[in-house]
Amino acid sequence: AAATPSHQRSRAQRATASPTVAVSIRLRPEIAALDCVREDEESVREDSRERPAVLLGQVHGECSYRGSRFKFADVWGPECTSASCFEPHRDAVLGVLRGFDATLMCYGQTGSGKTYTMVGVEGEPGLMPLAFDALFERIAQGSGGVGETGPVSYALQLSAIEIIEDRCVDLLHNRTAVLLRAAPNGGIHYHGLRELPVTSKAELLGGLEATMHARTVAPN
């Protein structure tokens, strides 16, 4: 049976749904000043045993650390580009235009490359700018067309929330406080979080830049 978009699911369906979560690891080049790897220590390594063919810098399989092997959906080596990391998730991102939820996120310690992967640098866009490109390309293809239920049109809104310790703030509106409350449909309502309508990639990138300036940055 075809999957049901998230906004059409009942509360019971939301509660019993099994989300699909894929966890991958991206290995950055070693940085002596950050890693301080001694001669008798080993950093995280791609597992070379029975290594399959590399596709766009992507290695399915395992990586090793201090003699232990760990399995991930994908293992991305230091030579891998952000564009290669994004490709396996393109369909999930485009699914939001059909009503499905999707989240791309990075987690890791300070200096592990989260901002580089999500935002990127000049000449090497991260996952968020790449997602913007994919969305607007698909919108350009489908806007003005006819879908299963009639004419197709899209409206995009941007919001940015920072959750740090037990405080939540709106990064696009002067760090105003945001309260998290349980919503009647079983989800979470971000009370006080405002959405900013956007009509172009340039506006999205402008909002992203404002978010980066407003977020909390401190040594950990």
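The values are calculated or read from the model by the stated rules, or taken from the named source; none is laboratory data. Predicted model only: the values in this text are computed from it and were never measured. Positions of Cβ are generated from backbone atoms using ideal geometry, with glycine treated the same way; all protein chains shown enter the neighbour counts. When the accessible area is computed, the model is the full protein with side chains, heavy atoms only, and any ligands, DNA or RNA have been set aside. Shrake-Rupley method; radii C 1.70, N 1.55, O 1.52, S 1.80 Å.
Here are some notes:
- Sequence ranges 153-166, 196-209, ranked by mean other-Cβ count within 10 angstrom, highest first: 196-209, 153-166
- Taking 0.36 nm per residue of separation and subtracting the Cα-Cα distance, full extension of the segment from Y107 to K201 would add 31.3 nm.
- For G120, distant residues with modelled amide H under 5 Å away: G126
- Table column - 3J(HN,Hα) (Hz), region 163-177, Karplus curve with 6.51, -1.76, 1.60, x for Gly and Pro: 10, 9, 6, 10, 10, 10, 9, 8, 6, 9, 9, 6, 6, 5, 5
- Segment D91-R175, length gained on full extension (0.36 nm per residue, minus Cα span): 27.0 nm
- Under-5 Å amide H pairs with L196, H placed in peptide plane, nonlocal only: L158, S159
- Span from the region 183-220 Cα centroid across to the region 90-147 one, whole angstrom: 14 Å
- The gain in end-to-end length when the E124 to E137 segment is fully stretched comes to 2.8 nm, 0.36 nm per residue minus the alpha carbon separation.
- Of the residues T103, T117, the one with the largest accessible area comes first in the ranking T103, T117, computed with a 1.4 Å probe on protein heavy atoms.
- Efficiency of FRET between A210 and T20 - r from beta-carbon atoms, R0 25 angstrom, step 0.05: 0.20
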